[in-house]
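To start, the structure itself, in C-alpha cells.
The values are calculated or read from the model by the stated rules, or taken from the named source; none is laboratory data. In this text, all values refer to a predicted model and were calculated from it rather than measured experimentally. Here Cβ is always computed from backbone atoms with ideal geometry, including for glycine, and neighbour counts include all displayed protein chains. What goes into the accessible areas is simple: the full protein's heavy atoms, side chains included, and nothing from ligands, DNA or RNA. Shrake-Rupley method; radii C 1.70, N 1.55, O 1.52, S 1.80 Å.
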Amino acid sequence: MNPVRKQRLLLILLLVAGVGVAVALALFALKENINHYYSPAQIVSGEAPIGQKIRGGGVVVPGSLKRDPGGLKVTFKVSDGEGEVEVEYTGILPDLFREGQGIVGTGKLDKNRRFIAEELLAKHDENYMPPEVQNAIDKAHKSEGNQ
Amino acid sequence: MYFENFASLVNMGGHGVYVWPTYGLGLLVILYNIFSPLMARKKIVAQIKRQARAASVPKAPSSRDRTIKSKQQVSTAESSRTMNEGEVE
Amino acid sequence: MIWYADIRKTMNWTFFHKLGSPKWFYEISGKWLPWLAILAALMMVTGLTWGLLFTPPDYLQGNSYRIIFLHVPTAFLASAIYVSMAIAGAVTLIWRIKLADMALKSMAPIGTSFCFLALITGAIWGKPTWGTWWVWDARLTSMLILLFLYFGVIALRGAIRSANTQARACAILTLVGVVNIPIIKFSVQWWNTLHQGSTLKLTEKPSMAPEMLWPLLISIAAFYLFFTVALIIRMRTEILDRERRTKWVRNAVEAGARS
C-alpha cells in the first residue's frame, strides 16, 4: 500500500479506536445507570439503595410463590444463583410469569431488603421449543426426582 | 399448517393482534425496498434519455462550440473511477 | 525474486482496479440480478410462511414468538449493513474509490428500513411477552441509537452539496458510529438487560428446537439476499446517474435499460 493510503488507514483506525475509548469510558462511568435492574446478589450485598425507586430482577424460585387468600397480593422469591430476594407484589401477574422464569420489577426495597414491586415485567430466556418438547423435559425431570 | 381453521389462524390464541400487524409492517418494508429502487431507476433512466434527446438536436456550429465539444469528448470515454484524478497509482 | 513481486503487484492492482470500475460492476450485476432476485423471493416466501404458519407455538410465549421470523433477520441485517457501510466508508477514505461511496449511499436506506422494522416488531412482541412496548435497557437503547445513526448518515448526505465532501463526511460519520455495533452485540452480556441473550450463538448449539430453527435460518438468509438485490438495483441506478456523461451509459440507456 502506498504511504499516503497507509497514513489514511492509520488515521481511520485511530479515529475508530479513539471513539471506542471515549464511549467505553462513558459507559464505565454510567455503569450503574445502564444496568437495567439490580440482580438479587446486588440487592443482598447492599449495592442497591433502600427506599429509593429501583428496578430489581431475578429468576422466580420454584415453590416460593404464595398468594394472599384475600386479594391480589403475592409474594415470591427471586434468585440469580448467588443471592435470594423476597418480592411482594399487588396486582395481576404478567402472562409469562412462571416459576423458573425471570421477572423484572420496579419498586422500592424496604428496610429488610424485601422488594416491594409496583410494576412487574416478565423476562424470558433465549430458549424456544414446542410445548411437547418442554413436557418431555418436565417428565424426564420428574422421573429423575422420583428415583 | 399448525392452525386448524381460519378463525384460529386470525386469532392465534389471542396473539393475532400482535403477530398480524408485524407481518403487515414487514410486508410494507419489503415493498418499500422493492419499489423505491425501481422507481428511482425509472426516474434516472428517463432523465438521461431526455438529456440525450435534447443534446442530439442539431445546432449551427460556431467557434465556441468547437472548444466545448472537445471537452465533452474527453468525458465520453469511461470516466475515472476515483474521486481525484491524481489518486490512481 | 523481484520480478515475482512485480507480477503479484500488477495482478492485485488489476483485480482491485476492476472492482472499482462502475462499468464492470454494472455489467456483472446485471447478469446476476435476475437469479438473485428469484432466489431471494423464493427463500423469503418459504422462510416466512413456514415460520408463520407451519411451526408449532413456543412452550412459553405461544404464538407471539412467530414475530421472531421478521425480528431476528432484520435486527441482524441492521447491524451487518451498518458494518458494510463502515467498510465502504473506510475504502472511500483510503482509496477514494467512487464505487465505494455509491455502495455506502445505496446501503443506507435499506439498513434504515430494516433497523426500523426490527425496533417496531420488537416493541410489538414485547407487549404480550414482557408486558411493555419499550424499556431503556442497553440492547433496545443501542438499537435506537443505530436508527439515529442511519438517519444521520442519510441527512448528512442531503445537506452537503459537493460530491467529494458528501462522500467523506458520510464515511466519517459511519465510522464514528461503528463503535455502537459491538455494544449492540454484547449489550445483553455486559449489562443486566430485559432483552434476553442470544439464541443463535457462534460456538454453541442454538437454543431453539429444529422445527423452529430451520425457518428462522432460511428467513435470515432470505433477508441477506433481499438486501443484496435491493442494493444492486440502487447501485446500478446510482452508477447510471453519476456516469451519465460516458458513452457506455448512453448506449446502455439507449438499448432500453430495464433494471
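Some observations on this one:
- Condition check for residue C:76: open to solvent by 20 Å² or more (accessible area, probe 1.4 Å), aromatic (Phe, Trp, Tyr) and touching a residue at least 60 places away in the same chain (Cβ under 8 Å): yes
- Among the residues of segment C:140-167, those identified as buried (at least 17 other Cβ atoms within 10 Å of the Cβ) and at the interface with another protein chain (Cβ under 9 Å from one of its Cβ atoms) are C:141, C:167.
- Across segment A:22-40, the qualifying residues are those that are out of contact with any Lys or Arg (no Cβ under 8 Å at 6 or more places or on another chain) and within 9 Å of chain C (Cβ to nearest Cβ), and the one among them that is most open to solvent (accessible area, probe 1.4 Å) is A:31.
- Set A:72, A:96, A:109: member being hydrophobic (A, V, I, L, M, F, W, C) and surrounded by fewer than 17 Cβ atoms within 10 Å (Cβ to Cβ): A:72
- Subset of segment A:112-147 [surrounded by 15 or more Cβ atoms within 10 Å (Cβ to Cβ) and without any contact (Cβ under 8 Å) to a residue 12 or more places away in the chain]: A:126, A:127, A:128, A:129, A:130, A:133, A:134
- Which numbered condition residue C:40 fails, given (1) surrounded by fewer than 20 Cβ atoms within 10 Å (Cβ to Cβ); (2) more than 14 Å from chain A (Cβ to nearest Cβ); (3) of a type in the set (A, V, I, L, M, F, W, C); (4) under 20 Å from the mean Cα position of the chain (by Cα): (1)
- Where residue A:109 falls short, out of the listed (1) touching a residue at least 60 places away in the same chain (Cβ under 8 Å); (2) out of contact with any Phe, Trp or Tyr (no Cβ under 7 Å at 6 or more places or on another chain); (3) away from chain C (no Cβ under 14 Å); (4) not charged (D, E, K, R): (2)
- Filter pass, residue C:119 being among the aliphatic types (A, V, I, L, M) and open to solvent by less than 20 Å² (accessible area, probe 1.4 Å): no
- Lone unmet requirement of (1) modelled with pLDDT under 95; (2) in contact with a helix residue (DSSP H, G or I) (Cβ under 8 Å, 6 or more places away or on another chain) for residue C:207: (2)
- One residue stands out among those in segment C:168-224 that are in a helix (DSSP H, G or I) and polar (S, T, N, Q): the one that is surrounded by the most Cβ atoms within 10 Å (Cβ to Cβ), which is C:174.
- Within segment C:31-64, the residues that satisfy the criterion of being in contact (Cβ under 8 Å) with a residue 60 or more places away in the chain, farther than 16 Å from residue C:218 by Cα and in a helix (DSSP H, G or I) are C:32, C:33, C:64.
- Test: residue in segment C:79-94 that is on the phi < 0 side of the Ramachandran plot, open to solvent by 20 Å² or more (accessible area, probe 1.4 Å) and more than 18 Å from the chain's Cα centre (by Cα): yes
- Members of segment C:123-135 found to be assigned to a helix (DSSP H, G or I), open to solvent by less than 30 Å² (accessible area, probe 1.4 Å) and within 13 Å of chain A (Cβ to nearest Cβ), listed by number: C:125, C:126, C:128, C:129
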